[in-house]
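Have a look at the structure below before the remarks.
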Amino acid sequence: MTNDISRKAFADLGSPSLVYVRPVRAGELGPEARLAPAPGIQVRADQIVYGVYTPGGEPLAVLLNREEAFAAARAYELAPVSVH
């Protein structure tokens, strides 16, 4: 038996500090990601970067590697988990 649940209802089930970190190709990021690398950093469209998302799927940040994504989330007192 399967129950349908809205994104908001699903997000409300978890901790308010829970965030998801998942790999994504830079070229697949939507305009809401506002990818703006630091001076001297080149990001190719086929490069894997790591997005940090709310449980509802809203993007919070994009970082170049998984370790930085987890560290950034923890710096803001968030609880990051991996999503594949």
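Quick notes on this one:
- Inter-label distance, Ser6 to Val24: 2.3 nm, where each label sits 7 Å from its Cα along the C-beta direction.
- In order along the range 42-47, the phi-based Karplus estimate (6.51 cos²θ - 1.76 cosθ + 1.60, θ = phi - 60°) of 3J(HN,Hα) comes to 9, 10, 7, 4, 8, 6 Hz; Gly and Pro are listed as x.
- Stretching the chain fully between Asp46 and Glu77 yields a gain of 8.1 nm (0.36 nm per residue, less the alpha carbon separation).
Read the figures in this text as sums done on the coordinates, not as results from a lab. Treat the numbers as computed from the prediction; the structure is a model and nothing was measured. All Cβ positions, glycine included, derive from the backbone under ideal geometry; neighbour counts span all protein chains shown.
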